[in-house]
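Working notes for the structure below.
Derivation of every value follows stated rules applied to the coordinates shown; laboratory data play no part. Note that the structure is a prediction, hence the values are computed from the model and not measured. Neighbour counts run over all protein chains shown; Cβ positions are idealised from the backbone, glycine included.
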Amino acid sequence: MSFPHVTIEGYPRVGANRELKKALEAYWAGKIDEAAFTSTAHSLRIDTYRRLRDLGLTEDYAIPADVAYYDQVLETALTVGVLQAGTLDEEFTLCRGNADTAPLEMTKWFDTNYHYLVPEVADQAFEPNPERILTIVREAADADVKVRPFLVGPVTLLALAKGENPLARLDELVDAYAAVLAALAADGVEWVQVAEPALVADLVPADAELAALAGTAWTKLLNVDNRPNVLITTPYGSLREGLKALADAQPEALHVSLAPSVLAEDPTYVDRVLEAVHPETTLVAGLIDGHNVWAANLRERAEILDKLQAGHPDVAVSTSVSLLHVPHTVTAESNIPVDVAGWLAFADEKITEAVALANRDEDAFARADRAVRTRAESERTRNAEVAARVAKLPEGQVQREPQFEGRKEAQAELGLPKLPTTTIGSFPQTQEIRKARADHRAGTITDAQYTEAMKNEVAEVVKLQEDLGLDVLVHGEPERNDMVQYFSEQMDGFISTDNGWVQSYGSRCVRPPIVIGDVSRPEAMTVEWAKYAQSLTDKPVKGMLTGPVTILAWSFKRDDVPVSVSADQIALALADEVADLEEAGIDIIQIDEPALRELLPLRKDARPEYLDWSIRSFRLVAVDAEPTTQIHTHLCYSEFGEIIDAVAALDADVTSIEAARSKMELLTDLNEGFHSDIGPGVWDIHSPRVPSVDELTELLTAALKHVPAERLWVNPDCGLKTRGYAETNESLKNLVEARDRVVASL
Ligand code: MET
Ligand SMILES: [Zn+2]
């Protein structure tokens, strides 16, 4: 049967009211049993199919069944037999670990904030388990919907897996996929969707080699007798070598991502696609951008569709990527100004757009024209003062003066001891703190009561740090709900949503703010807290800021100006904050950039430009700081070895960086270019385990092999907000003691 003329790549799985999240957490907490859990998940799937049908995905196989309890990569790995889990609990042990088993590693999925579980490929046999996917197909059929089952493709699965050389087992894995496809065919399934985004990214191995592997694998897989029609999808960017490889394998349908941002990066993509895709293959055009929250310019999208249809006999309309990365629906929002709401499209609205585009619905086009026009004309998106300030900025890189050595001399007046100890900022967010914040939001306690509660907390945290003998103190960040939201809520140019939840991993959902216009800071955001903490102690208190790159990485970005423009604007707002902190007597300021690595483009040749603007925006925050002000930065959540030069180029005075889990491996990447002081995290704060003095001493001794004592700091891997006080007290006590021991031996 032919491919439906309109479809989507995927849909959010958590549910409009986070039903799946709640069911997962209730099950894990033992509040509901397995039957109740699976029944909730089942109802959610069926309700979702119905909803998608109501939204216009009415043709057979137009609805992708990209279902998973926790993660799509895990789901595929279990289906094709790269991993095995006999029971639901075994499956969740892979996700979350238990007392004796570590969970699978988790890492970011392409250039999104979704995290997948990383399968490990050693010499295990691949024993496919098609029942998993058949159950999904059958339950949908029982509800009278023909869904298109979903798998992550064999090349992508192995390219993302851990192990000696996972791709060496591609041929074997293809056999496992063939077995799954045969089972689907035997069940009467006519279309299956297989995602191969690995081919849009520069991974190891390089593009050409990966494309060659994909060509061989797919030619073999598509030549088996007994299988459904196959749609191969390539979300997140444009194919290069992989385009010809996949097109020549001749799947029945091939999806390409044609989002505006992809075509801006790769202007010849449409022509290359038209040239490469065989006429017998349905070209599934990912014209609706699934990666941002903006309403599409349907008329401009239709022009590309025209061109595709003129050049190819069979074109279907789809989204560029799964809608997993956007919230469910704008209609769930009641606090977004009406004019702004019209500019937005979340998952449901994007489906409506895809349907309208495919049907050339003139009414919808006219509405889209209006949204495009009002947004372009709106005063909300523009701030003349901000524009004027940004226009005055020098072009290219900026440099703080004096340079590092000069600043190091100036900062000697801080009088810090050898191997100074500090923390990364947050202290445990206790039940009481969360309650005070919630009560304040709900209006059940007054501003004054709230401030009082937070001040008490700050005072306790300061006292604790003094008692522990830490050298550089923090205020503990009790007032911050989230390190990005806290700032976005205080800056103009951002809006927040009430229900705009997006899955980050497993049951964890985040609600990213949306940058809608020029960004500015109406007033100081952090100064009062830092000032208060500093008033309580003679030790230096670090001011705490989230950097421009991280604020952007964890927000939905504008699509009407380059990201670098928003980055400069946020940087200027934060630079004002730095000046105000200095004014208030804060001599040490930390600018967190845990997401520096996350926004790194998938293609190597796009990386230098990204690193240029991201480093510039970080430097802009600190460029006018006094030489005596010590600027710290903090990085975590990724491995930074690959971009260590960029980390050095931030030109911070002190860099704290996650390192405990990898046993200080990062330090081997340091070179002469890395001049800043460095605090490799010695305490892995991701678990409640208390590191012993011996263990910490050993890590510090190891660090001293790579970093001279004059440059070494002693700190945990990250903030302590998810920790409890019991382990915090003990761990920090050990940390100070280990430092003393190491210093004594110098
Ligand atoms: C994810 S990085 C967190 C840094 C922040 N200052 C904290 O301590 O929580
Ligand atoms: Zn961190």
Distance in Å, no decimals, from the C-alpha centre of segment 269-324 to the one of segment 50-129 is 28
Cβ crowding within 10 Å averaged over residues, with 218-224, 289-295, 710-716 ranked highest first: 289-295, 710-716, 218-224
Taking the Cβ of each residue in 509, 718, 95 as the centre, tally the other Cβ atoms inside 10 Å and list the residues starting with the fewest. 509, 95, 718
Per the rule of 0.36 nm per residue minus the C-alpha distance, extending residue 535 to residue 244 adds in nm 98.2 nm
The long-range amide H neighbours of residue 344, using H built 1.01 Å from N in the peptide plane and a cut-off of under 5 Å, are 295
Could you tell me the calculated FRET efficiency between residue 47 and residue 401, based on Cβ-Cβ distance and R0 = 45 angstrom, to the nearest 0.05? 0.15
Per its Cα gyration tensor (rounded if a/c is under 1.5, else prolate when a/b beats b/c, else oblate), segment 452-575 is best filed as prolate
For a Förster distance of 41 Å, can you work out the FRET efficiency between the beta-carbons of residue 106 and residue 733, rounded to the nearest 0.05? 0.85
Projecting the Cα atoms of 387, 359, 372 onto the charge dipole of segment 346-389, where Lys and Arg contribute +1 and Asp and Glu -1 at Cβ, the residue farthest towards the positive end is 387
Could you work out how much longer the chain between residue 692 and residue 583 gets when fully extended? Use 0.36 nm per residue separation minus the Cα distance between them, nm to one decimal. 35.3 nm
Starting from the Cα of residue 432, step 7 Å toward the Cβ, then list every residue of segment 719-746 with an amide N under 19 Å from that point. 720-730
Normalised by the empirical 2.2 N^0.38 Å for globular proteins, what value does the Cα Rg of the chain take? 0.98
Placing +1 at every Lys and Arg Cβ and -1 at every Asp and Glu Cβ, with all other atoms neutral, what dipole size does segment 94-180 have around its Cα centre, in debye to the nearest 20? 340
How far apart, in nanometres, would the label points at residue 607 and residue 131 be if each is projected 7 angstrom from Cα along the Cα-to-Cβ direction? 4.4
Per 0.36 nm of contour for each residue apart, how much would the distance between residue 669 and residue 138 grow if the chain were fully extended, relative to their Cα-Cα spacing? 186.0 nm
Which residue, chosen from 215, 295, 235, occupies the Cα position most advanced towards the positive end of the dipole of segment 208-299, where the dipole is computed from +1 (Lys, Arg) and -1 (Asp, Glu) charges on Cβ about the Cα centre? 295
With Cα coordinates, the longest principal axis of the chain makes an angle with the long axis of helix 607-622, in degrees rounded to 10, of 30
Starting from the 7 Å offset along Cα-to-Cβ, what nm value, one decimal, do you get for the label separation of residue 511 and residue 54? 2.3
When only Cα pairs under 8 Å and 6 or more residues apart are kept, what is the percent relative contact order across the chain? 11
Is there a pair in 455/705; 418/531; 21/721; 22/721; 463/705 whose C-alpha atoms are over 31 Å apart, and which pairs would that be? 455/705; 463/705
Among beta bridges that DSSP assigns inside the chain, antiparallel share in %, nearest 5: 20
Within segment 60-77, whose backbone N sits under 17 Å from a point 7 Å along Cα→Cβ of residue 89? none
The simple spin-label model distance between residue 387 and residue 22, using points 7 Å out along Cα→Cβ, in nm, is 4.5
Mind jotting down the distance between the C-alpha centroids of segment 713-742 and segment 193-227, whole Å? 46
Could you give the dipole magnitude of segment 468-625 about its Cα centre, charging the beta-carbon of Lys and Arg +1 and that of Asp and Glu -1, in debye to the nearest 20? 720
For segment 202-357, averaging the sequence separation of alpha carbon pairs under 8 Å that lie six or more residues apart and dividing by its residue count, the contact order in percent is 20
Can you compute the FRET efficiency between residue 456 and residue 410 using 1/(1 + (r/R0)^6), with r the Cβ-Cβ distance and R0 = 35 Å? Round to the nearest 0.05. 0.50
How would you rank 419-429, 104-114, highest first, on the average number of other Cβ atoms within 10 Å across their residues? 419-429, 104-114
Which one, 63, 82, 99, is farthest towards the positive end of the dipole of segment 43-124 when Lys and Arg carry +1 and Asp and Glu -1 on their Cβ? 63
Please determine, in degrees from 0 to 90 and to the nearest 10, the orientation of helix 693-703 with respect to the longest principal axis defined by the Cα atoms of the chain, where the helix direction is its Cα long axis. 80
Karplus 3J(HN,Hα) series, Hz, for segment 636-645 with 6.51 cos²θ - 1.76 cosθ + 1.60 (x for Gly, Pro): 7, 6, 8, 8, 9, x, 5, 10, 4, 5
With an 8 Å Cα cut-off and a minimum separation of 6 or more residues, compute the relative contact order for segment 468-558 in percent. 36
Determine the equivalent ellipsoid of segment 189-235 by diagonalising the alpha-carbon gyration tensor, then write out the semi-axes as square roots of 5 times the eigenvalues, largest first, rounded to whole Å. 23, 13, 5
Quick one: helix 362-377 against the long Cα principal axis of the chain, what's the angle to the nearest 10°, folded into 0 to 90? 20
With only Lys, Arg, Asp and Glu charged, each at its Cβ (+1 for the first two, -1 for the last two), find how big the charge dipole of the chain is about the Cα centre; round to the nearest 20 debye. 760
